[in-house]
Amino acid sequence: MIEANELCKIFTRYVKDEEVTNKRKKIKTKKEDFFAVDHISFKARQGEIYGILGPNGAGKTTLLRMLGGILTPTSGEIKLAGYDYNLDRKKVKRKIGYLSGNTKLYGRITPRELFNIFGRLYEMSKNEIEEMTEKIIEIMDMKDFADNRIEHLSTGQMQRTSIARCLLHSPEVYIFDEPTLGLDVISSHAIIEFMKSERERGKTVLYSTHYMEEAESLCDRILMIHKGKLIAEGTPESLKKESHENNLRDVFIRLVKERGEWT
């Protein structure tokens, strides 16, 4: 359903460089390029939850932002449902629902008003927006707060509103970037159950996290990423079997150590 081929993203950073001349130390700042995402290829299928695992700074968010059309890759290709990003970017973005753990909502409007704004952005008709809004409010059990200002909602209600926003245009692919980060157990559970239900409906869910235990129980297949590079891909069971480990946390640690990158 969504495929990445040799995907790369290069950023520029500034680093300090020490230079010793005539017993004097000079510290200069120089620019250098680095791969935030380094030639990653994979294919996430229809009706599966595909996990992208790695520690903070591994490149997960950069990868998902490219897949979601927020960042332009330095090189490589992205295809979704047969469409090529380079040729059909507008069509592709309409098929995606993107949610991050730090998604910000407009506090001074209501969830219902928010859905109307996003529906217009997706070029939905007035009738389509109204019909989908009522359906989503029912699905996400939002009747009690759909007309309250977002700034007055609880954390769990805000998260349901964020998920509902992704549902509005009935996307074929969901991209969730650490959606349970910092949430309480109840809110996290709601997101996890939503992902499971969408998988049952035949949707594709890309889900990044550094919570290995959560991914192990939820994901059909997993891509492990470290320092921008793909270091392993497979089902949770196959990854554990190949590494002779009992859990994904130990699998990841073993793989990083074998690469000589454990610090």
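The values are calculated or read from the model by the stated rules, or taken from the named source; none is laboratory data. Predicted, not measured: the structure shown is a model, and the values here were computed from it. Positions of Cβ are generated from backbone atoms using ideal geometry, with glycine treated the same way; all protein chains shown enter the neighbour counts.
Selection of region 206-263 for residues being in a strand (DSSP E or B) and among the basic types (Lys, Arg) yields ARG221, LYS229. Filtering region 152-179 to residues that are among the β-branched types (Val, Ile, Thr), in contact with a Lys or Arg (Cβ under 9 Å, 6 or more places away or on another chain) and farther than 18 Å from TYR50 by Cβ leaves nothing. Considering only region 66-83, I want to know if a residue exists there that is of a type in the set (Ser, Thr, Tyr), more than 23 Å from ASP250 (Cα to Cα), surrounded by fewer than 17 Cβ atoms within 10 Å (Cβ to Cβ) and in contact with a strand residue (DSSP E or B) (Cβ under 6 Å, 6 or more places away or on another chain). Yes: region 66-83 contains one or more residues that are of a type in the set (Ser, Thr, Tyr), more than 23 Å from ASP250 (Cα to Cα), surrounded by fewer than 17 Cβ atoms within 10 Å (Cβ to Cβ) and in contact with a strand residue (DSSP E or B) (Cβ under 6 Å, 6 or more places away or on another chain). Of the residues making up region 151-178, those that are hydrophobic (A, V, I, L, M, F, W, C), in a helix (DSSP H, G or I) and under 12 Å from PHE115 (Cα atoms) number 4. One residue stands out among those in region 193-211 that are crowded, with 21+ Cβ neighbours inside 10 Å and under 24 Å from GLU261 (Cα atoms): the one that is nearest to the chain's Cα centre (by Cα), which is SER208. The set of residues in region 22-65 being surrounded by 21 or more Cβ atoms within 10 Å (Cβ to Cβ), small (Gly, Ala, Ser) and not in a strand (DSSP E or B) consists of GLY54, ALA58, GLY59.
Residue-by-condition table, conditions (1) within 21 Å of THR62 (Cβ to Cβ); (2) among the aliphatic types (A, V, I, L, M); (3) over 21 Å from the mean Cα position of the chain (by Cα); (4) crowded, with 18+ Cβ neighbours inside 10 Å:
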site: ASP220; (1), (2), (3), (4): no, no, no, no
site: ILE225; (1), (2), (3), (4): yes, yes, no, yes
site: GLY228; (1), (2), (3), (4): yes, no, no, yes
site: ILE231; (1), (2), (3), (4): yes, yes, no, yes
site: LYS241; (1), (2), (3), (4): no, no, yes, no
site: ASN246; (1), (2), (3), (4): no, no, yes, no
site: PHE252; (1), (2), (3), (4): yes, no, no, yes
site: ARG259; (1), (2), (3), (4): yes, no, yes, no
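Among the residues of region 70-120, those that are β-branched (Val, Ile, Thr) and at pLDDT 90 or above comprise THR72, THR74, ILE78, ILE96, ILE109, THR110, ILE117. When we screen GLU123, GLU138 for residues that are assigned to a loop (DSSP other than H, G, I, E, B), modelled with pLDDT under 90 and either crowded, with 16+ Cβ neighbours inside 10 Å or acidic (Asp, Glu) (or both), the only hit is GLU123. For region 84-120, filtered to residues that are in a loop (DSSP other than H, G, I, E, B) and of a type in the set (Gly, Ala, Ser), the residue that is farthest from GLU198 (Cα to Cα) is GLY107. Can ALA58 be described as touching a residue at least 60 places away in the same chain (Cβ under 8 Å) and touching a strand residue (DSSP E or B) at 6+ places or on another chain (Cβ under 7 Å)? Yes.
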